[in-house]
Amino acid sequence: MSEVIEQPLDAKALSQRWREIVTDPRLADFAGKIDLDCWGRIIMSPVNTDHGAIAANLAILLTAQLGGRTLVEVGVQTASAVYAPDVAWCTEDFLRERRDETPLQRAPQICVEIASPSNAIHDLRAKAYAYIEAGASEAWVVFPKSRRIEFYGTQGIVQQTRYGVDLTNAFA
């Protein structure tokens, strides 16, 4: 019998739930992305080929132009949930300091969400703000159909990334 959860989980309980999920062999071959909401419920998002190709392009562009490390679907503890950005970029120092954290207790410098057909825009934007509140310098929301990217910083939505990344080939 499963436990009845009467209130949202705190950060410690969410982190513990995340660690249970990432070690659950029943989820080992899931071809998609998993987030946890504030109640510890699993939110699954299947990804399509276009989504995967854009994520790969962004990972290559970020690493090639900024150095550092690019992470894919790594858990990030936010104030109200554990999210797994499609792509994240961080410095070597950031990763070295947090290599054993699961989920990361601070967001990498750049966190990227790529819209899938099943995503609601307001949910994607809420995740962007959650990453900023969790310490990211920037969060990006990528819209494959319209081939555009929204950039968020600590001051809210901004016109472009402050990292100077050439994103011309992001949708190639």
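From Val112, Val72, which residue is within 16 Å of Ala56 (Cβ to Cβ) and out of contact with any Asp or Glu (no Cβ under 6 Å at 6 or more places or on another chain)? Working first, answer last.
Working: Val112 fails: out of contact with any Asp or Glu (no Cβ under 6 Å at 6 or more places or on another chain).
The conditions single out Val72.
So which residues in the range 106-126 are more than 16 Å from Thr70 (Cα to Cα), under 12 Å from the mean Cα position of the chain (by Cα) and in a loop (DSSP other than H, G, I, E, B)?
If the condition is that a residue be more than 16 Å from Thr70 (Cα to Cα), under 12 Å from the mean Cα position of the chain (by Cα) and in a loop (DSSP other than H, G, I, E, B), then Ala115 is the only one that fits.
Evaluate the following for Thr161: is it of a type in the set (S, T, N, Q) and either closer than 23 Å to Val22 by Cα or at pLDDT 95 or above (or both)? Before the answer, list the steps.
Values: of a type in the set (S, T, N, Q): yes; either closer than 23 Å to Val22 by Cα or at pLDDT 95 or above (or both): yes.
So Thr161 passes the test.
Scan Ala139, Ala130 and give me the residue that is touching a helix residue (DSSP H, G or I) at 6+ places or on another chain (Cβ under 6 Å) and more than 24 Å from Thr23 (Cα to Cα).
Working: Ala130 fails: touching a helix residue (DSSP H, G or I) at 6+ places or on another chain (Cβ under 6 Å).
Of the residues listed, the single one that is touching a helix residue (DSSP H, G or I) at 6+ places or on another chain (Cβ under 6 Å) and more than 24 Å from Thr23 (Cα to Cα) is Ala139.
Restricting the search to the range 57-93, which residues are among the hydrophobic types (A, V, I, L, M, F, W, C) and without any contact (Cβ under 8 Å) to a residue 24 or more places away in the chain?
If the condition is that a residue be among the hydrophobic types (A, V, I, L, M, F, W, C) and without any contact (Cβ under 8 Å) to a residue 24 or more places away in the chain, then Ile60, Ala64, Val72, Cys90 are the ones that fit.
In the range 82-105, what residues are over 23 Å from Pro144 (Cα atoms), in a loop (DSSP other than H, G, I, E, B), in contact with a helix residue (DSSP H, G or I) (Cβ under 8 Å, 6 or more places away or on another chain) and at pLDDT 95 or above?
Within the range 82-105, Pro103, Gln105 meet the criteria.
Counting just the residues of the range 8-65 that are more than 21 Å from Ser146 (Cα to Cα) and of a type in the set (Ser, Thr, Tyr), which one comes out modelled with the highest pLDDT?
If we take residues in the range 8-65 being more than 21 Å from Ser146 (Cα to Cα) and of a type in the set (Ser, Thr, Tyr), then Thr63 is modelled with the highest pLDDT.
The values are calculated or read from the model by the stated rules, or taken from the named source; none is laboratory data. Since the structure is predicted, the reported quantities are computational estimates derived from the model, not experimental observations. Note that we place each Cβ from the backbone using ideal geometry, even for glycine, and neighbour counts take in every protein chain shown.
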